[in-house]
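One structure is given here, and the rest of the page talks about it.
The values are calculated or read from the model by the stated rules, or taken from the named source; none is laboratory data. Values in this document were obtained by computation on a predicted structure and should not be read as measured data. Backbone-built Cβ (ideal geometry, glycine too); neighbour counts: all protein chains shown.
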């Protein structure tokens, strides 16, 4: 099976989430992704995740989530011999991906100019909290810090709970996708012109770019976004509503959907009520409309309403937990969760999720996430190092034996 990025080699120096998630998506599209890890413990995510025994084995479940299908070599880039081995690998690669703080690669003597001197077609992608320049460039940044600084937390929750972070590291995740998109575009150019590129991905800017609607409302209409909880600022009734058995999301954003909703809940009078008859009036009076609808929705459970509404073209969905949605036929039937050839510390099958799209021909099930340094010796031999030279690299601390 040939995948779109077959033949592309990526050196992934990144840690934890944003960079590794980028590399994971590239790997699933066929790229050969080689993690270049510090001999002293490797990727920090190896020690993170809910299974403590797996973390002790440097195979934490946070690492598992975004590193299947990759290889791993250990090189100390502060060591002259380790640096030279890395540069030899750069000569045979297409992309270098990293998420160090700005200027770290330059201080290591491995900036874009140095790498491109060894390989003019090399694409370098640096992911950082705020970008490679600007007054915040040198600040430490984690996902939650960026969520707060970006304004995302200010519009998440409602008047009583905002500011509120999302339930997963959304800024890291968006930055990883942004980097994968930029790298893929640069690879098209590289293949046609032989030109390399220097890509600068900012978690802050990636998050702001994804907040396009609320940012546009402020920039072009002078509207300051406010937290609205589960309400949709663009329409009403559009949000989360109480039913007899639990919450239900309804998005009757179009006039015909609203009118169908009124009929289905037995409140045809709401179609012509002057407070709700027109789109803008419904937005102004959304609280009163919600009260009216929830009285009617109390007659049935969320799942029953969900089926009734969707059958008549009114978008609706129950509010599911992660375990619930993963069991749904829609997700399971499309093979979103894959079982790989590995087990957890308790002996259960290790599972990962594929990218958020399918491609004709399908994705092969990835190889297990790599043990720390498992591919080091093989790659050093491929780069021309003799057995004696590899032993010397270990003795000098430039690399380490594979973690068993």
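Determine if the range 355-377 includes at least one residue that is in a helix (DSSP H, G or I) and in the same structural domain as residue 73 (by TED's automatic domain parsing).
The answer is yes; a qualifying residue exists.
Does any residue of the range 314-337 turn out to be touching a helix residue (DSSP H, G or I) at 6+ places or on another chain (Cβ under 7 Å) and at positive phi?
no
Checking the structure you have, find out if any residue of the range 131-143 is in a helix (DSSP H, G or I) and surrounded by fewer than 20 Cβ atoms within 10 Å (Cβ to Cβ).
Looking for residues that are in a helix (DSSP H, G or I) and surrounded by fewer than 20 Cβ atoms within 10 Å (Cβ to Cβ), one finds none in the range 131-143, hence no.
Give the residue that is nearest to the chain's Cα centre (by Cα), with candidates limited to residues of the range 33-47 that are closer than 23 Å to residue 125 by Cβ and surrounded by fewer than 21 Cβ atoms within 10 Å (Cβ to Cβ).
That would be 44.
If a residue counts only when it is over 17 Å from residue 374 (Cβ atoms) and without any contact (Cβ under 8 Å) to a residue 24 or more places away in the chain, which helices (runs of 4 or more DSSP H) contained entirely in the range 1-85 have at least 2 such residues? Steps first, please.
On the way: elements: 18-28, 52-56, 61-67.
So the answer is 52-56.
When you check residue 357 against the structure, is it under 27 Å from residue 22 (Cα atoms) and within 33 Å of the chain's Cα centre (by Cα), yes or no?
Criteria met by residue 357.
Take the range 210-263 and flag every residue that is part of a helix (DSSP H, G or I) and under 22 Å from residue 159 (Cβ atoms).
213, 214, 215, 217, 218, 221
Residue by residue through the range 112-128, note down the ones that are farther than 11 Å from residue 91 by Cα and buried (at least 23 other Cβ atoms within 10 Å of the Cβ).
123, 124, 125, 126, 127, 128
Looking at residue 324, is it within 22 Å of the chain's Cα centre (by Cα), part of a helix (DSSP H, G or I) and within 23 Å of residue 240 (Cβ to Cβ)?
yes
Which is assigned by TED's automatic domain parsing to the domain that holds residue 120 and in contact with a strand residue (DSSP E or B) (Cβ under 9 Å, 6 or more places away or on another chain), of 152, 141?
Details: 152 fails: in contact with a strand residue (DSSP E or B) (Cβ under 9 Å, 6 or more places away or on another chain).
When all the criteria are applied, what remains is 141.
I'm told residue 313 meets every condition in (1) crowded, with 18+ Cβ neighbours inside 10 Å; (2) closer than 30 Å to residue 263 by Cα except one. Can you identify the failing condition by its number?
Looking at each condition in turn, residue 313 falls short on (1).
Go through (1) under 20 Å from residue 308 (Cβ atoms); (2) surrounded by 17 or more Cβ atoms within 10 Å (Cβ to Cβ) for residue 256 and report which single condition fails.
With (1) under 20 Å from residue 308 (Cβ atoms); (2) surrounded by 17 or more Cβ atoms within 10 Å (Cβ to Cβ) applied to residue 256, the lone miss is (2).
Evaluate the following for residue 165: is it surrounded by 14 or more Cβ atoms within 10 Å (Cβ to Cβ), within 16 Å of the chain's Cα centre (by Cα) and farther than 27 Å from residue 33 by Cβ? Give the steps one after another, and end with the answer.
On the way: surrounded by 14 or more Cβ atoms within 10 Å (Cβ to Cβ): yes; within 16 Å of the chain's Cα centre (by Cα): yes; farther than 27 Å from residue 33 by Cβ: yes.
Here the answer is yes, as residue 165 does meet what is asked.
Kindly indicate whether residue 234 is within 22 Å of residue 183 (Cα to Cα) and surrounded by fewer than 16 Cβ atoms within 10 Å (Cβ to Cβ). Outline the logic, then answer.
Details: within 22 Å of residue 183 (Cα to Cα): no; surrounded by fewer than 16 Cβ atoms within 10 Å (Cβ to Cβ): yes.
Answer is no for this residue.
Residues are listed down the side, and each one gets a yes or a no for (1) within 21 Å of residue 163 (Cα to Cα); (2) without any contact (Cβ under 8 Å) to a residue 24 or more places away in the chain; (3) in the same structural domain as residue 170 (by TED's automatic domain parsing); (4) out of contact with any helix residue (DSSP H, G or I) (no Cβ under 8 Å at 6 or more places or on another chain):
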| residue | (1), (2), (3), (4) |
| --- | --- |
| 218 | yes, yes, no, yes |
| 225 | yes, no, no, no |
| 231 | yes, no, no, no |
| 246 | no, no, no, no |
| 249 | no, no, no, yes |
| 252 | no, no, no, no |
| 258 | no, no, no, no |
| 265 | no, no, no, no |
| 268 | no, yes, no, no |
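Residue by residue through the range 270-301, note down the ones that are out of contact with any helix residue (DSSP H, G or I) (no Cβ under 8 Å at 6 or more places or on another chain), over 18 Å from residue 232 (Cβ atoms) and not in a loop (DSSP other than H, G, I, E, B).
295, 296 - these are the residues of the range 270-301 that are out of contact with any helix residue (DSSP H, G or I) (no Cβ under 8 Å at 6 or more places or on another chain), over 18 Å from residue 232 (Cβ atoms) and not in a loop (DSSP other than H, G, I, E, B).
Take the range 89-111 and flag every residue that is assigned to a helix (DSSP H, G or I) and surrounded by fewer than 17 Cβ atoms within 10 Å (Cβ to Cβ).
Scanning the range 89-111 gives 91, 104, 106, 107.
Taking the condition surrounded by fewer than 24 Cβ atoms within 10 Å (Cβ to Cβ) and modelled with pLDDT of 95 or more, does residue 53 pass? Step through it out loud before you land on a result.
Values: surrounded by fewer than 24 Cβ atoms within 10 Å (Cβ to Cβ): yes; modelled with pLDDT of 95 or more: no.
For residue 53, the condition - surrounded by fewer than 24 Cβ atoms within 10 Å (Cβ to Cβ) and modelled with pLDDT of 95 or more - is not met.
Can you confirm whether the range 376-388 contains a residue that is within 32 Å of the chain's Cα centre (by Cα), under 30 Å from residue 73 (Cα atoms), loosely packed, with under 13 Cβ neighbours inside 10 Å and in contact (Cβ under 8 Å) with a residue 60 or more places away in the chain?
Checked the range 376-388: no residue is within 32 Å of the chain's Cα centre (by Cα), under 30 Å from residue 73 (Cα atoms), loosely packed, with under 13 Cβ neighbours inside 10 Å and in contact (Cβ under 8 Å) with a residue 60 or more places away in the chain.
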